[in-house]
């Protein structure tokens with residue numbers, strides 16, 4: 001009896017895919033859930049697992065063919081047949097038999113993704129079928145359009161089945177995998193076929209992406225020579241491309257014998273945007289399309305703030321256990337200015353203006369995966385030390401990809417510090433539905449006219465982008481002037497002036 005291998009569900013609004021790579025050929029022995037091929041859609045890459053153990057039969061859809069949802073891809077035959085690896089073929093039934101004795105099957109479901117998030121993409125599996133897992137050990141990582149979510153094991157046992165391979169888009173109620181609860185199952189036999197299928201990964205704790213393994217094999221690359229950027233050092237397809245490009249960049253390029261074609265693939269790399277990057281792009285463009293955005297500028301002499309920080313930073317760190325930076329000064333100055341110009345801290349809701357009698361300060365932070373804006377709630381009631389601790393903690397969690405959805409919601413105003421990257425001047429884009437965002441920039445010594453004398457002062461340009469539908473020019477300029485005054489004379493913050 002033969003078993004059909006069909007195209008799995010490709011996700012909402014995706015109706016077809018292209019067969020990118022076959023990892024098996026007719027006659028090869030396959031284990032249950034072993035990856036047979038990889039499909040590419042216009043949104044994600046989907047790996048197709050074997051629905052049963054047996055021998056690879058006819059391949060119906062060859063590489064490069066376009067197939068629809070539920071289309072027939074190949075056939076799996078039962079028995080050993082022409083299996084080139086009998087040991088692997090024997091291991092597959094051995095994995096299935098003990099599974100029945102493992103105890104209760106436990107479903108691994110998509111965890112809560114947060115408000116307004118309805119789907120996610122499976123970005124990485126840390127375990128494979130047959131692996132023993134402990135309760136709360138991380139099984140896989142999901143990527144939403146806002147955050148990455150790690151999925152822990154709900155119970156101890158053995159990973160019996162993976163229902164959503166890497167690249168699959170799942171909804172908030174989807175089942176990801178099945179655990180065989182209890183410790184009766186021996187994981188080694190089930191893991192053997194995967195190990196046999198991927199000898200290049202020997203000696204590593206994580207499995208490289210199949211597309212990466214194929215690319216390394218075709219290029220003759222040693223996996224040890226490729227630096228993985230995936231979870232726990234996993235080698236991804238783009239890592240292979242980077243490794244291949246590195247020697248070319250280091251060695252002097254010989255003069256080409258003939259002009260290269262404009263479409264030479266070796267000179268370009270196409271990488272799918274992450275869900276986070278797609279969301280950033282969409283939200284920023286929506287902001288420009290919706291708000292009547294305008295930017296006003298000013299500059300601030302940082303002499304007094306820098307002097308105050310220098311005088312007290314050691315004592316501050318000794319007492320509070322956190323460094324005194326400039327962000328707490330700017331946060332305090334903005335909170336002070338927002339009290340005087342409350343429309344900058346408000347938002348439009350239909351035909352209403354919603355004024356906020358509190359300040360939830362968003363602090364824009366750059367991460368390896370894109371820009372995120374963690375929110376410090378009730379920043380207007382916090383001390384310098386509390387603000388610095390909150391910024392340090394949120395920044396660390398942002399860089400590690402550990403921010404929750406709740407930590408990035410509810411902001412009323414945002415500060416973006418482009419100065420850390422050397423920016424001298426920019427126009428920040430609003431973070432909707434907020435009506436204002438302050439752009440900080442590089443502190444640069446410049447000649448200034450002070451009391452008829454030319455002196456060198458540490459100056460910073462400030463930029464306030466605001467929604468002109470709710471904030472008038474007078475309010476925007478007043479806001480920036482109040483921020484400038486507070487930073488040029490920090491004592492005003494203590495006196496509430």
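Calculate, for residue 421 and residue 357, the FRET efficiency according to 1/(1 + (r/R0)^6) with r their C-beta to C-beta distance and R0 35 Å; round to the nearest 0.05. List each step's numbers first, then the result.
Values: r = 34 Å, r/R0 = 0.98.
Using R0 = 35 Å, I get an efficiency of 0.55.
I need the peptides 168-181, 338-351 ranked by packing, meaning the mean over residues of other C-beta atoms within 10 angstrom, with the highest value on top.
Listed from highest to lowest mean packing, they are 168-181, 338-351.
Between residue 71 and residue 455, 0.36 nm times their residue separation minus their Cα-Cα distance comes to what?
Numbers: separation 384, 0.36 × 384 = 138.24 nm, distance 7.52 nm.
My answer for the length gained is 130.7 nm.
Compare the peptides 155-166, 357-368 by average per-residue count of other Cβ atoms within 10 angstrom and give them in order, highest first.
Working: 155-166: 21.6, 357-368: 18.3.
Final packing ranking: 155-166, 357-368.
Considering the zone a paramagnetic label at residue 349 would reach in this model (a point 7 Å from Cα along the Cα-to-Cβ line), which residues of the range 285-307 have amide N under 19 Å from it?
What the label zone holds, given the 19 Å backbone N cut-off, is 291.
Can you compute log10 of I(q)/I(0) for the range 1-41 with the Debye formula, treating each Cα as one identical point scatterer, at q = 0.18 Å⁻¹?
Debye curve over Cα of the range 1-41, log10 I(q)/I(0) at q = 0.18 Å⁻¹: -0.62.
If you count the DSSP beta bridges with both ends in the range 381-497, what percent of them are antiparallel, to the nearest 5? List each step's numbers first, then the result.
On the way: 11 of 15 bridges.
Of all bridge pairs located within the range 381-497, approximately 75 percent are antiparallel.
Modelling each spin label as a point 7 Å along the Cα-to-Cβ direction, I'd like the residue 279/residue 492 distance in nm, to one decimal.
3.8
Full-extension gain between residue 112 and residue 292, please, as 0.36 nm times their residue separation minus the C-alpha to C-alpha distance.
Numbers: separation 180, 0.36 × 180 = 64.80 nm, distance 3.52 nm.
Length difference between fully extended and current span is 61.3 nm.
I need the calculated FRET efficiency for the pair residue 303 and residue 392, taking r as the beta carbon distance and R₀ as 25 Å, to the nearest 0.05. Don't skip to the end; give the middle numbers.
Numbers: r = 25 Å, r/R0 = 1.02.
The pair residue 303/residue 392 has a calculated efficiency of 0.45.
Give me the extension gain from residue 446 to residue 4: residue separation times 0.36 nm, minus the current Cα-Cα distance, reported in nm with one decimal. The partial results should precede the final answer.
Details: separation 442, 0.36 × 442 = 159.12 nm, distance 7.28 nm.
That works out to 151.8 nm of additional length.
A short reminder: the numbers here are calculations on the coordinates, not readings from a lab. The structure displayed is predicted, hence computed values, not measured ones. Heads up, the Cβs are rebuilt from the backbone with ideal geometry, glycines too, and the neighbour counts pull from every protein chain shown.
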